[in-house]
Structure formats: structure tokens, C-alpha cells
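Structure first, commentary second.
The values are calculated or read from the model by the stated rules, or taken from the named source; none is laboratory data. No experiment lies behind these values; they were computed from the predicted model shown. Positions of Cβ are backbone-derived with ideal geometry, glycine not excepted, and every protein chain shown enters the neighbour counts. Accessible surface is based on the protein model in full, side chains and every heavy atom, while ligands, DNA and RNA are left aside. Shrake-Rupley method; radii C 1.70, N 1.55, O 1.52, S 1.80 Å.
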Amino acid sequence: MKIFKGITVSPGLVNGLACLYADEAEGNVAHYSISDEQVPNEILRLKQGFDKTRGTMQEMVKIASDTFDKKAEEIFNVHMAMLNDPGLLNKISKLVEEKKVNAEHAISDVIEQYINIYKTKQGHFQELAHDFADLRNRLIASFTGLSGHFECPEGEKHPVIVVAKRLTPYMVLNIPRENVLAFVTKEGGYTTHATILAQSLGVPMVFGIEIDGNFQCTDNLIVDGFTGRVISCPDEQTQKHYDEKIEKYNKRRQTCALKAHIPPKTKTDLRVKLKLNISVPEELEAIKDFNHDGIGLLRTEFLFLERENPPTEQEQYDMYKYVLEKAAGPNGGKPVTVRLLDVGADKLPLFFNLPPQVNPDLEMKGARAVEAFHGVYLAQAKALLRAAVHSRGGDLRVLYPMVSDMTDLATFRKLFSAAKKELRKEKVKFKANIPDGIMIETPAAAIMSDVLLKEAHFANIGSNDLLQYTLAASRGHPLVEKRYHILHPALIKLIEMAVKAGKMHNKEICLCGEIGSFEEFYPLFLKIGLRSFSVAALKFPHLKCDLMHMRVPKGAQGATLLKKAYAAKTKEAMDRLFRKSFK
Ligand code: PEP
Ligand code: MG
């Protein structure tokens, strides 16, 4: 038995057979010599390979564009531009002529040089190394006719746990979806296509696992997509433990699926709002059957990151209109809350061209970014005002990131006044009165929420950032992982302040940070008066199901719970308290 620890990007629990999946081209390139006479024919083969790849890519771009998969479209367009660079074909042809080698060999050698150059660089350039690897594989695949393959027949016959070093968009599109029990990869990320596919399929995915030498086809594997554990060849005791766990988990999934149509409410019929956090538009497909209360947080960073130039106003307008129409539900009426570009330590657009910051979480954030990159934000504000015309009964609401005081709020509002002025001048149709809200992500915002909510139409509590600024502990750094205490009493106090301010001004306060995904904390959330939550799509069905078994802790029981939470001295004490109080 071997246990590996990775990073979960899609939860779930499964047990099944491993099947290694490899790109046809990875380490499998035909190498042979050719004679002088064969050179013209080989160059012709090479050109045909380029043409065939161009055709495949055009198809991919079309699929991506039809499904509004902007990210995939962008990736395929980048690959297309590389393929169309005459320098690339020339270099490869020259190698065929000079070294008298077959086309695949020359492709592999030339592109390897590019990969090696970009591999050593930083940030965006490293991504280019991946793009070149993908391009090489596509070109090689044009000769073999395969774009990826299972390394044993199991993967073609039965659902398996797909184990791969890396999954590219091409590979994902080529794996029959019904054959996937889970994905286990070395490379990955929160927004890669494999991740999105895994999430929309509802299958677990764990990345960050060393694949080489550790797995073989038909190994018995357990993927625990809650803890990020992958267990290969479990011993008897572990197998038994997981058999029981998996059975329980599957039963719960079935029960939750049966309740999918019921609106979110507690055991005592208290209706709460349960909305969705969306980070890429592809997720909208996965939520179409959920009975939800709208999009509580549309993160718009996907439109701005990993690109050389900012998106145009028109591009954004198309996207917001699409999201609005898709998320409004068949009968319309569901609000969509769109957050303006939220820049930060891990999300700085390349085109900002900012020098390294000393303390990124305390520098180019919120309203400061609006002042520094006015044009970028102006285009976004104009696109949103125009798209709001298409809300079918459900409002488009805008959300300002990282607002700490009235000056920040004024900066955002000034931006929208300027956007309206321009649209009027351009005689373009737009909706003038869209509700605006603030993210409460700093202690200052929570403390000042009574003042801020007099003005703002609603607030979202961004507990991920609120916690890091409250505890002065970075949200993503291993050094302070222990200090980043998911439910610190100080955080509860700040949330409670915001909830009270919301009540005072009759404004909605929605909790949209990760903490809202922990069902065991809901008795406390309900007790302090929270009635609106926005959670990741993959957490939604279970949470709604769990809510149905809960009641707001009343009287002495409620008071005790709150008192104990405030008195908890350690993370462990907090965990013990809530694990016990749940259900
Ligand atoms: C938060 O900070 O809690 C939040 C929802 O925003 P993000 O995670 O996008 O920073
Ligand atoms: Mg935040």
C-alpha cells in the first residue's frame, strides 16, 4: 500500500482500477533516417501533417467558440498562431533536408528546443513551454491519428481512474466521458480544463501526485477527493474502511440528488438563500439543474488573466450577456452578482506590467487598481451597464472588491458615473440603475459596515481575505497555514458586525468565502443571523441537503454555542465544538 497526498480540485470518493493515460506523442516519436531521394516526399508529408493539425485546431476553436469556452478558444488560437508561424515549418523542413530524418523526428527535435528555452523562464513564458509541448503532440498525432491513449485495454472497456502526468484540453476532449471514475495527475490547477471537466462530471480530481514509477495500469486505487489522498493497492483494513465510507457517501449522494429540486431551507422551513460562486463560465452548465438563488459571486478574473491585452468592452459585453441569460434559469428572475476585476497577489493581469510588489496583498488592490488602470475598469463598467439590459427579470448586480471605506466606494461609483457618461455620448443602450454592493474583506470594512451599508445596496462577506487580513496570515502560504484558522472567533465577531449592519439597513449580507462550504459551521452562521450564502458549484448539492437537517439553534442552546465559539482557544477546540454540534 502506498499513500500519496495531492491537491483536491473536485471532491468525491471512489475506488477502482488505475489506467495510465498518455499523450501519443510523449516519448513515442518514430525516429528513422531517409535517403536523399525521399526528402521531397518527407517534406510533403510534413506539410500535410501541418495542414491536418490546422484542420483539427480549427475544429477545436469552433467547438470552443460555440460552447463559449473562451479560455479553450484562446489556448487553441495561441496554438494556431504558433503553427502558422512560417519560421517553424522552415526550421523543421531544414532539419529534414540536412539531417535526412523523418518528419516526426524533426518536429520533435525543433520544438524541443523551444520547450527548453521557455522551461527555464518565469511566469507566462513557462506556460509557453506547455503550449509548445501541446503543439508538438498535436503535430505528431497528425501522423499517428491518435491524440492520446490508455496504456492498457481496461480504459476502453470500463470506467477507470485516469492517471496522467498532465491532461491537456485535447486529451480531455478525447477521453470518453463515461470511462472516467476520477482523474489523478501530476500537473494541474484550479481552472484547468481537466479540472472543469471533472467538476462538471462530478468526478473527483486530485493533482500534485508524482505519477512516474508510482502507478501501473490495473492497480487498485482509492481516490479520496476530500482529503486529497490517493491510495494505491490498499491493505485489507484500509480497503474495508473505505468500502464503508464510499457506501455511505454514495447513499448520501443519491439522497441529495433526489432533493435537488427542493428550494434551500432548514428543517424548520426557514428559507435561506443559497447561491453559487462561479469562476469560469463553463461551470454554468453544471449548475443548470440546481434549484439555486442566483449567482452570488461571478469572479471576472478569468477574462483578464493570462493574456497580453485587456479584453475589449465588446468581448466582455458578450460574455456578461451570455452569463446573464444562462444563469437566469428557464423562467428568468435569478440575480447575477458580478464582481469587478479583483486584482491581488495571485491574480495580477500580465498587461498591468507591474514591477514585483513588496507586499502584493497590501498594495495594488480594490479601488487603488481602479485609479491606476482606469481604462481597463471603464471598459468593464461600460460592458456591465450594457449587458444589464438583458437581465430577464433577474438583476445584474455589481460587486466592488476590497472596499474598506467610503472613499473606496466613491471611487467605484465615480467609475460607473464616467461609464454612463460615455455610453450616453456614444448613444448606446444601457441600464442606468443597477444595484451595487461591496465585498467585506478587510476588518475595516466589517467595522465600518454600518456606515458603508447605508449607501451600498448589499454586501458579500469575503471570508477568505477577511480572515487573512484579520489574522495577518497569508491565505495561501504553507508557513502560516496553521495560523490561517478557518473559523477564528475574531472572524465570527466581524461577520456578526456586518450581519447586524445589514439588518439595520435592511440590506442583504451574503457569505461567499470558502468558509461557507463547511456545513458544520451552519448552526453558528444561522445563529448569528446569516441567511444568505454563496458557495462553489461542487459544494452546492450537499450543502443544500445538509441544510434540510438543520435548525437555527435557539434560546439557551444558541447562546451556549456562540459563547463556546467565542471562547475556543485553538483550531482544534473549534473543530471539536462544531463536529459535535452538527446534526
Ligand atoms: C474572499 O476573499 O472570500 C472571496 C470570496 O474572494 P476571492 O476568494 O476571490 O478573493
Ligand atoms: Mg477576496
Distant-in-sequence amide H partners of Leu511 (H built 1.01 Å from N, under 5 Å): Ile461, Ser532, Phe533, Ser534
Helical contribution to [θ] at 222 nm, DSSP H n ≥ 4, -39,500 (n - 2.57), averaged over the chain, rounded to 500: -14500 deg cm²/dmol
Estimated dipole of the chain in Debye, rounded to 20 [Cβ of Lys and Arg +1, of Asp and Glu -1, Cα centre]: 3340 debye
For the stretch 463-569, accessible area per residue (1.4 Å probe, heavy atoms of protein chains only), Å²: 44 Å²
Around Leu530: net Lys/Arg minus Asp/Glu count, Cβ-Cβ under 12 Å: +3
Whichever aspartates and glutamates have a C-alpha closer than 18 Å to that of Lys157, once near sequence neighbours (fewer than 8 apart) are set aside: Glu178, Asp219
Among His130, His79, Ala419 - extreme Cα towards positive end, dipole of the chain, charges at beta-carbon: Ala419
Part-to-part distance (alpha-carbon centres) for the stretch 324-389 and the stretch 214-263, which is given in Å: 38 Å
Environment charge at Cys233 (Cβ cut-off 13 Å; Lys +1, Arg +1, Asp -1, Glu -1): -2
Dipole in debye (nearest 20) - the stretch 263-581, about Cα centre, beta carbon charges: Lys, Arg +1; Asp, Glu -1: 1280 debye
Within the accessible area of the chain (1.4 Å probe), percent carbon and sulfur: 53 percent
Positive minus negative residues near Lys2 (Lys, Arg vs Asp, Glu; Cβ under 14 Å): -3
Table column - 3J(HN,Hα) (Hz), the stretch 559-570, Karplus curve with 6.51, -1.76, 1.60, x for Gly and Pro: 4, 5, 4, 5, 4, 5, 5, 5, 8, 4, 9, 9
Area of Ile7 that stays accessible when all protein chains are in place (1.4 Å probe, Å², to 10): 70 Å²
Gained length - Ser33 relative to Val451, 0.36 nm times residue gap less alpha-carbon distance: 142.8 nm
Accessible area (Å², 1.4 Å probe, nearest 10) - Lys421: 150 Å²
Sites Glu244 and Gln58 - FRET efficiency at Förster radius 56 Å, r taken between beta-carbons, to 0.05: 0.65
Rough spin-label spacing in nm, given labels placed 7 Å along Cα→Cβ, for Lys431 and Lys571: 4.2 nm
Stretch gain in nm, segment Ala472-Asn41, where the contour uses 0.36 nm per residue and the Cα spacing is subtracted: 148.6 nm
List Glu285, Glu315, ordered by accessible area with a 1.4 Å probe, largest first: Glu285, Glu315
Furthest towards positive pole of dipole, Gly437, Val280, Val101, structure part the chain, Cβ charges: Gly437
Reachable lysines from Lys259, criterion Cα separation under 24 angstrom, eight or more residues apart if same chain: Lys245, Lys248, Lys251, Lys267, Lys273, Lys275, Lys288, Lys326, Lys334, Lys539, Lys544, Lys583
Accessible surface, 1.4 Å probe, highest first, among residues Glu496, Glu363: Glu363, Glu496
DSSP bridge pairs, the stretch 263-581: antiparallel proportion in percent, nearest 5: 5 percent
Signed unit charges on C-beta, dipole axis of the chain, positive-most listed residue Val323, Ile117, Ala501: Ala501
Eligible aspartates and glutamates near Lys425 by straight Cα distance, threshold 17 Å, same-chain separation 8 or greater: Glu313
Between the stretch 1-63 and the stretch 409-482, the alpha-carbon center distance in angstrom: 44 Å
Fraction of beta bridges assigned by DSSP in the chain that are antiparallel (%, nearest 5): 35 percent
